[in-house]
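As structure tokens, the structure follows; a few thoughts come after it.
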Amino acid sequence: MQIQHSAAILLSRQPLRPSGADAWVKQTRNAILWVKANSLALHSSIGMQTWELITALASSEGIPLTLLIPAPTEVEYREMRRVALKQFHLDMENVTFRALLPDEGEKYDKHKFMQERDRLIVRNADVLLPLSVRPGGQMSRLLAEGRDEGKAIIGSWKVEYETREKTLGYTIKDEYLTDEIRRCGDEYLVHWTRGSNGPWPTEDAIDYYLEIVRSKSYPRSGFDTLRGIVGERRIVASSRNMPEHTPTVSFSCLPPRDLVPLITWRARRRLMSFEPYGIGIEREYALELGIQIVHYYNRDSDRPDDVPTWLTQSSGVKSDWRQEREYRYKGDFEFSEIPKDRLVCFTRTRDQAAQMQDTTGIRTIGFTA
């Protein structure tokens, strides 16, 4: 009898925002526990939701891992390895890293190398555990090849692959707005937040994936993100799309009702442009704390010389960014010392508003009933 040393859990691409209630997530955890009980090592990777969930669960259970990492260069591979060690709390004595790099002179094609990664993982595993595999897809073909090669295939955790994905985007119609939202003007500077397709800036990837496994619904929605911010009493600065990549926190004095037309789905980024979740500070009080107005300039004009670069913003080409009426704060914004009566929160519904207000003591206003 052939000695079996390692396994690979096979998953095709899954919906963007999973939870522990999803069959494929439940069965992934069950398969992981079987791998551990049978003292097998596991082949996995990073850079894709399904592989990262497997890596996170394997790390949490102390299962020996061989982690295959595709990368354009040796330098980038080493950095990805360093990040993986930290983000997934990997034990150096329990993980073997393998690089998948282009040959000399070969161009790095991300799609091609992702497929090659899957092929190598299946080829190097002794036991294949198909869970949620799309008929006719890449994983289905690799599974068939493994079967032809005589690999052990255990389908005890197999679930039907579901191609339909929930629609994540939504809009809010003006006629459904609550009277409270209609009465709000520009008396607050509001930091608007939204759902995340991955870990929050303050958490490691392993904590994000383990929270998914424990959850009954996706745990990083816009409402969850707002609750996380209020719970920490801190808004983490971001350098994304900021001048000179300066980490800042953005606020807006746009009346909440005027935010409604901006609440749209960005298909390319797979995120909402804005969501009706935010925390606001009384405007005059916020200015005393160092939050400053952004200075807009036209595309054909120069940035103003007398304003710090991080406080400037082009008015835009396809969109007019001036409509956001933005303010910024340099660095993380701590608000643990701000009196609660100077704060306000906003949520999508009145039910969420009641829940937020009950748990935080901060006045909260729902956009819709």
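Observations
A quick yes/no check of all residues on (1) touching a residue at least 12 places away in the same chain (Cβ under 8 Å); (2) among the acidic types (Asp, Glu); (3) under 30 Å from His89 (Cα atoms); (4) not assigned by TED's automatic domain parsing to the domain that holds Ile362:
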residue	(1), (2), (3), (4)
Ala125	yes, no, yes, yes
Ser140	yes, no, no, yes
Leu168	yes, no, no, yes
Gly185	yes, no, no, no
Leu189	yes, no, no, no
Pro201	yes, no, yes, no
Pro219	yes, no, yes, no
Gly222	yes, no, yes, no
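- Residue match in region 224-240 (condition: exposed (fewer than 15 other Cβ atoms within 10 Å of the Cβ), within 23 Å of the chain's Cα centre (by Cα), in contact (Cβ under 8 Å) with a residue 40 or more places away in the chain and farther than 30 Å from Arg82 by Cβ): yes
- From the list Glu162, Glu211, the one residue that fits, being under 23 Å from Arg17 (Cβ atoms) and assigned to a helix (DSSP H, G or I), is Glu211.
- Any chance Ile206 is out of contact with any Asp or Glu (no Cβ under 7 Å at 6 or more places or on another chain), surrounded by 16 or more Cβ atoms within 10 Å (Cβ to Cβ) and either assigned to a strand (DSSP E or B) or outside the structural domain of Met356 (by TED's automatic domain parsing) (or both): no
- Single condition Gly195 does not satisfy, out of (1) assigned to a helix (DSSP H, G or I); (2) surrounded by 15 or more Cβ atoms within 10 Å (Cβ to Cβ): (1)
- Filter result for Val260 (over 30 Å from Glu52 (Cβ atoms) and assigned by TED's automatic domain parsing to the domain that holds Thr309): yes
- Test: Leu131 is within 22 Å of Ile9 (Cα to Cα) and touching a strand residue (DSSP E or B) at 6+ places or on another chain (Cβ under 7 Å): yes
A quick yes/no check of all residues on (1) crowded, with 24+ Cβ neighbours inside 10 Å; (2) touching a residue at least 12 places away in the same chain (Cβ under 8 Å); (3) within 23 Å of Thr163 (Cβ to Cβ):
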residue	(1), (2), (3)
Gln27	no, yes, yes
Leu53	yes, yes, yes
Leu68	no, yes, no
Tyr77	no, yes, no
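- Annotation note: of Thr309, Thr364, Thr368, Thr347, the sole residue that is at pLDDT 95 or above and touching a Lys or Arg at 6+ places or on another chain (Cβ under 7 Å) is Thr368.
- Region 79-91, subset within 30 Å of Gly105 (Cβ to Cβ) and either among the basic types (Lys, Arg) or in the same structural domain as Pro201 (by TED's automatic domain parsing) (or both), residue surrounded by the most Cβ atoms within 10 Å (Cβ to Cβ): Arg81
- Some residue of region 38-47 being at pLDDT 95 or above, within 21 Å of His5 (Cα to Cα) and surrounded by fewer than 17 Cβ atoms within 10 Å (Cβ to Cβ): yes
- Those strands (runs of 3 or more DSSP E) lying entirely in region 242-316 with at least 1 residues more than 17 Å from Gly331 (Cα to Cα) and touching a strand residue (DSSP E or B) at 6+ places or on another chain (Cβ under 7 Å): 277-282, 295-297, 312-314
- Among residues of region 344-361 being touching a residue at least 24 places away in the same chain (Cβ under 8 Å) and part of a strand (DSSP E or B), the one that is surrounded by the most Cβ atoms within 10 Å (Cβ to Cβ) is Phe346.
- Scanning region 108-117 for residues that are assigned to a loop (DSSP other than H, G, I, E, B) and out of contact with any strand residue (DSSP E or B) (no Cβ under 7 Å at 6 or more places or on another chain) turns up at least one hit.
- For region 324-369, filtering for residues that are of a type in the set (Phe, Trp, Tyr) and closer than 21 Å to Thr264 by Cα leaves 2.
- Residue in region 320-343 that is in a helix (DSSP H, G or I), at pLDDT 95 or above and of a type in the set (Gly, Ala, Ser) present: no
- Residue match in region 58-65 (condition: within 17 Å of Val213 (Cα to Cα), of a type in the set (A, V, I, L, M), surrounded by fewer than 18 Cβ atoms within 10 Å (Cβ to Cβ) and touching a residue at least 24 places away in the same chain (Cβ under 8 Å)): no
The values are calculated or read from the model by the stated rules, or taken from the named source; none is laboratory data. The model shown is predicted, which means the values in this text are computed figures rather than measured ones. Every residue, glycine as well, gets a Cβ built from its backbone with ideal geometry; the counts of neighbours run over all protein chains shown.
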